1. Check chain B and count each lysine pair with an alpha-carbon distance under 22 angstrom, considering only pairs eight or more places apart or from different chains.
2. Tell me, what is the FRET efficiency for B:Leu545 and B:Thr129 to the nearest 0.05, using R0 = 56 angstrom and their Cβ-Cβ distance as r?
3. If you take every DSSP beta bridge whose two residues both sit in chain B, what share of them, in percent to the nearest 5, is antiparallel?
4. Which value in deg cm²/dmol, rounded to the nearest 500, describes the helix-derived mean residue ellipticity at 222 nm for chain B, given -39,500 (n - 2.57) per DSSP H run of n ≥ 4 and division by the residue count?
5. Please list B:316-328, B:342-354 highest first by mean number of surrounding beta-carbon atoms within 10 Å per residue.
6. Stokes-Einstein D for chain B at 20 °C, 1.002 mPa s, Kirkwood Rh over Cα pairs, in µm²/s?
7. Report, ordered by chain and residue number, the aspartates and glutamates lying within cross-link reach of A:Lys8, taken as a straight Cα distance under 20 Å and ignoring same-chain residues fewer than 8 apart.
8. Using just the helices of chain A, give the 222 nm mean residue ellipticity in deg cm²/dmol: DSSP H runs with n ≥ 4 each add -39,500 (n - 2.57), and the total is spread over all residues, rounded to 500.
Amino acid sequence: MKVEFYEKVFLVLTVVVLAAGLITIGASVLVAGVHVPSPAARVDPRTVAQTPPFDQPGLREIAPGKYEAVILARAWFYDPKEIRVPVGSTVTFKMTSADVVHGFELEGTTLNGMLIPGQVLTMTTTFEEPGEHLFICHEYCGVGHHTMFGRVVVE
Amino acid sequence: MTGEAISLQRTAGAEAATAYPAEQLRPIRWQLILGFVGLLIGGYLGLLQALERVGVDLYRASQIKTYYQGLTLHGVLLAFVFTFAFTNAFTQYMTMRGFGRPLASTALVQASFLTALLGVVLAGYAMLTNQASVLFTFYAPMKAHPLFYLGAVFLVISTWIVLANQLLTYRAWRREHPGERIPLPSYMGLMNYLMWTIATVGVAVEVLAFLLPWSLGWLDTTDPQLNRILFWLTGHPIVYFWLLPAYTSWYALVPAQVGGKLFSDGLTRLTFLLFLLFSIPVGVHHQFTDPGIPTAMKVIHMVLTFVVFVPSMITAFSVVAALETGGRKAGGRGLLGWIPRLPWGNPSVAAQLLAMLAFTLGGATGIINASFTMNLIVHNTAFVPGHFHLTVGTAVALSFMGIAYWFVPYLTGRQLFSRRLALVQAWCWAIGALIFARGQIGGGLESMPRRTAIGAATYALPGWDVSNWFTAVGGALMAIGGVLFFIVLFGTLFNAKRVEPAAVEPPLSEVIHGPKESWQIFDRIGLWVIVAIALTLLAYGPLLLGYLPANMTSPAIKVW
Ligand code: HEM
Ligand SMILES: [Cu+2]
Ligand SMILES: [Cu+2]
């Protein structure tokens, strides 16, 4: 099959660029420690409000400077709506939905995940600076979707 | 259409004059019009969405109850109805054109149109009565009216019927032409529909095994995470199903329309073959942030996503090279001097050139979405609609409009109404889309969520205002482009001036390195279908087996 010289050059360049992209992404995972969510646990959304830890949503300290934030999403609010943590603390968010699919993006961080009924989502981040971060439901969850948000206050 | 067969004469290539039966062209024309009805209504709702975020609320005046009812109509009418119906029409035509013979079955041409129409009526009823405001992704456990799911099933069946006809026609042609290469235009359509049909197994299982019985009350619960996996098994390949008809036009017709030649038959076949193989085993890249999928699976699908970028890069090269031969023949000199020499005054060409331009930007933003870690910044933000209004919303939609500028005159025998308006239309849409995308992409990078009535939201972040204005102004410009398109379309449908169909049909591209040199193995359709299925099983088998047993815990919920 005849492939012209420029076509060959272009093909090779394409492969090189894409490989470089993949290597960069690999580096961001291995070196910078950016993670995507992975399976944590399953729950039954019908009884999740009685199932630990979702029977007691909120923040608790699990070690010095380390916290766990348990959040239960429902149409159209997060329980709890607000979380206050000290500067420098590392927080693991443990979340799920009691009804339809919701979303969770914590503005100003790389925390971004889907709250899917039946699945527990966990994500961890460290808050180095004082300030406020909105968390926003970014998956359509019904007519009140655009009213569903909360905030993390770092103080 | 006057009723008798149209006989065609073509200027380029060795194509023989062929007669296509009017009773096949007629349902093709109706299906095309059905697609454009989808564009008309869907596009109108797009305008409402763009304006909502700067405080202009046209929903009540339009009898639409909520933003989300409108968004469901927008997504379904544009992502399913417009694209499927147009693609069915165009592919059936290109199949005849490539094989140089009528389609094997007239009944199937009619059946494809009628099933698509039935699908639109059923799903349309459910959506217009606000009984299915679940958006076009219909994520469980939000429950739509059963007719919504049934309508979607019929829309998909209309595409399967086209594939059946392509295969029958291929068999008939093969009997008449033993040992010949499959003609390129037919090859492209065949690869696209084979890919798509394999891919539809995901949504078919999702709807038939879970959502339809569950919405009818025969099943109490479903598994939302499993349903999403099945949805995206089909939901990524669908974007190539939208795109490949545009590519088909860019490869098979546009080079001839600009007076140029395509370089390589072999690379073109390779491109479509790679799409058949690698469009499907990548769906999990829409689910990087889903909790129920192991990281290893996400990584595998991301790497394969980068592989499926290769055929688009080949396309960028091949199509630009073909355009360059045309521009140089017209006297273009220097590195870029050939570009202004392209026939920009031909609206069919101008629309598709602008579509290609949008696609380069769309592709670049696509790489960001596909990259695992960068995805975390943009996932489900307004960045994503910013990206896909450059791709499906412009590269595809504007190409389809450009194709319509010769296809509608060809199918109706009526002259294009106002070439000048058609030109203004293309520029309006393209410039509008760029401004719109600037707004959505900017908003997304500032954490603005997508699928959200931003104008009514009870929260906001600094910087969103500016983005919203870009979105609204760009969206309004696109809508003006849309209005102009429909003026041209209706003007053409009812134009008193007749044209000879053969005179408006673009010739097929000539190829410099012709099919004789291309590897024979490209044409081993059966073999490639098996490989594509095997790759799909490899990419999804371990994921699904590892996921089971299903977590059937979600009852149906209505939240609007
Ligand atoms: C007049 C032109 C158009 C305008 C002003 C427009 C506007 C919009 C806006 C503002 C959104 C985002 C809504 C949100 O996330 O809340 C959107 C979503 C969308 N648009 Fe368009 N659009 C137009 C044309 C198109 C075309 C031609 C297509 C495809 C062929 C298309 C496909 C989609 C899809 C699939 C969605 C996603 C719906 C969802 O998230 O459920 N749009 N559009
Ligand atoms: Cu929500
Ligand atoms: Cu929501």
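Read-outs throughout are calculated quantities, based only on the coordinates presented, and are distinct from any laboratory measurement. Source: prediction; values computed, not measured. Methodologically, a virtual Cβ is constructed for each residue, glycine included, from the backbone with ideal geometry; neighbour enumeration extends over all protein chains shown.
1. Count of close lysine pairs: 5.
2. 0.90
3. Counting only bridges with both partners in chain B, antiparallel ones make up about 65 percent.
4. That calculation yields -21000 deg cm²/dmol at 222 nm.
5. My ranking of the peptides, most packed first, is B:342-354, B:316-328.
6. For these conditions, the coefficient is 89 µm²/s.
7. Counting by Cα, and skipping residues close in sequence, A:Lys8 has these aspartates and glutamates nearby: B:Asp265, B:Glu324, B:Glu517.
8. Mean residue ellipticity, 222 nm, calculated: -6000 deg cm²/dmol.
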